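Down below is the structure, laid out as structure tokens.
No lab work stands behind these numbers, since they all come straight from the coordinates. What you see is a predicted model, and the numbers here were worked out from it, not measured in a lab. Note that each Cβ is placed from the backbone with ideal geometry, even for glycine, and that neighbours are counted across all protein chains shown.
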Amino acid sequence: MLLFTPGPTPVPESVRLAMATPTLHHRTPEFEAIFASARANLLKLFGMEEAVMLASSGTGAMQAAVVNICQKKALSINAGKFGERFGKIVESFGFESVVLEYEWNQPAQVEDIALILEKEPDIDTVCIQVCESAGGLRHPVEEIAEYIKSQNRDIAVIADGITAVGVEYIDTTNIDILIAGSQKALMLPPGLAMIGLSEYAIDRIGDGRDYYFNLSSEIKKQRKNTTAYTAATTLIIGLNAVFDEIAKSGGLEQLYKDTKNRANATQKALESIGLQIYPDAPALAMSTIYDKDAEEIRKILKNSYQVNVAGGQDHLKGKIFRINQMGLIPPYQMSWVVNAVELALADLNRRKYDGSANRIFNENYFGESKI
Ligand SMILES: *Cc1c(COP(=O)(O)O)cnc(C)c1O
């Protein structure tokens with residue numbers, strides 16, 4: 001079965017093997033060296049002042065970000081499940097909450113945020129997804145963050161990059177906290193969350209808040225290559241192996257280039273067989289199709305063609321399916337996936353099979369001259 005869900009994503013063999021080595025004690029020079037290397041790689045990946053790792057799923061990092069940096073009132077952009085989650089975290093800790101809602105295929109607009117910030121001058125934090133995975137939507141986060149900081153540098157910008165860090169280059173100039181998670185673009189099992197922090201964020205966090213997710217104590221410890229509590233040792237060993245694997249395949253720049261090329265070729269291939277891309281601003285992390293037969297197509301893909309893709313949630317349940325683009329995905333797998341989708345449409349008597357999806361994918365991925 002090919003796992004093509006936008007999280008969890010497949011873990012490369014070299015990474016699985018690295019994680020099969022005997023458990024190390026976390027308070028040892030051996031592990032500290034491993035931690036130092038993971039930390040150096042993360043600082044490069046985030047392109048930010050500081051990076052911390054937390055033993056938790058991605059939501060733990062979202063919570064850590066909000067709790068440690070929000071002072072009074074936060075604005076959350078809700079264009080899907082994960083944006084909605086930011087609002088719930090803000091409310092659950094008793095901060096005042098303002099929510100800007102969009103349909104799940106609509107990217108946030110700078111003008112809408114500008115209006116709210118004008119009306120509510122006591123907002124001190126803005127939370128947004130880089131990619132909102134619920135609909136495979138890319139928000140113009142860099143543009144929004146630049147606007148916010150140009151108006152008031154004391155508004156902290158939290159960007160959830162769980163399905164964006166490792167997918168594409170993110171300009172972090174105006175972002176204070178950038179969040180990544182292990183089981184999406186970083187090709188690891190679930191359980192490790194990573195946070196990039198700006199200098200402003202570090203200052204503002206001060207002594208930090210919360211007990212387990214106190215970012216101030218984590219920053220202090222992690223600068224010395226250790227953690228406040230027991231580190232997720234096995235996942236951190238795996239993270240180094242992921243960085244090695246990325247380096248072996250040409251480095252981060254190459255990964256970004258390949259991901260973009262593959263996502264673009266997939267979109268063209270799916271459109272060529274009459275399918276509709278759901279978001280107005282598609283993210284590169286996944287290809288999201290809006291279709292009345294979404295559930296049927298998913299079932300056929302799984303049962304007849306050994307491809308596992310994700311469906312939709314809430315009001316999009318049964319209406320979309322999402323094909324992963326995160327990680328090191330060989331083009332021969334993606335070429336099979338678009339071909340399988342075309343076969344499924346033929347099985348549903350929607351369209352006669354003619355091999356277009358595969359051909360269009362290859363033309364776009366490898367260049368027409370090669371085909
Ligand atoms: C997966 C995901 C999360 C975190 O989910 P966890 O299940 O807590 O790891 C947060 N934001 C986005 C955009 C995601 O895709």
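One table, with the values for the structure above:
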| read-out | value |
| --- | --- |
| HN-Hα J in Hz across the range 17-27 - Karplus 6.51, -1.76, 1.60, θ = phi - 60°, x for Gly and Pro | 5, 4, 7, 8, 6, x, 4, 9, 6, 6, 9 |
| Phi to ³J(HN,Hα) by Karplus 6.51 cos²θ - 1.76 cosθ + 1.60 over the range 54-65, Hz, x for Gly, Pro | 10, 7, 5, 6, x, 4, x, 6, 4, 5, 4, 4 |
| Charge tally in the Cβ shell below 11 Å around N174, where Lys, Arg are +1 and Asp, Glu are -1, N174 excluded | -3 |
| With Cα atoms, 0 to 90° folded angle of helix 356-366 axis to the chain main axis | 50 |
| The range 145-298: C-alpha pair distances exceeding 28 Å, % | 36 |
| Considering only the chain, percent of DSSP beta bridges that pair antiparallel, nearest 5 | 50 |
| Highest-first arrangement of 226-234, 52-60, where packing means the average Cβ count within 10 Å | 52-60, 226-234 |
| Separation between Cα centres of the range 3-77 and the range 305-371, rounded to whole Å | 31 |
| Helix axis angle, 252-272 relative to the chain longest principal axis, alpha carbon, degrees | 40 |
| Paired Rg and Dmax values of the range 32-77, which use every Cα atom, in angstrom | 13.3, 40 |
| Charged-residue dipole, Cβ positions (Lys, Arg, Asp, Glu), the chain about Cα centre, Debye nearest 20 | 1160 |
| ³J(HN,Hα) computed for each position of the range 118-129 - Karplus, 6.51 cos²θ - 1.76 cosθ + 1.60, integer Hz, glycine/proline x | 5, 6, 10, x, 8, 5, 10, 9, 10, 10, 8, 8 |
| Under 5 Å, built H, 5+ apart or other chain: amide partners of I329 | none |
| Rounded tilt (10° steps) of 233-248 against the dominant C-alpha axis of the chain | 60 |
| Relative contact order %, the chain, counting alpha carbon pairs below 8 Å whose residues are six or more apart | 22 |
| Charge tally in the Cβ shell below 13 Å around D154, where Lys, Arg are +1 and Asp, Glu are -1, D154 excluded | +1 |
| Mean residue ellipticity (222 nm) of the chain, computed from DSSP H runs ≥ 4 via -39,500 (n - 2.57), nearest 500 | -13500 deg cm²/dmol |
| Reachable lysines from K73, criterion Cα separation under 26 angstrom, eight or more residues apart if same chain | K81, K88, K119, K149 |
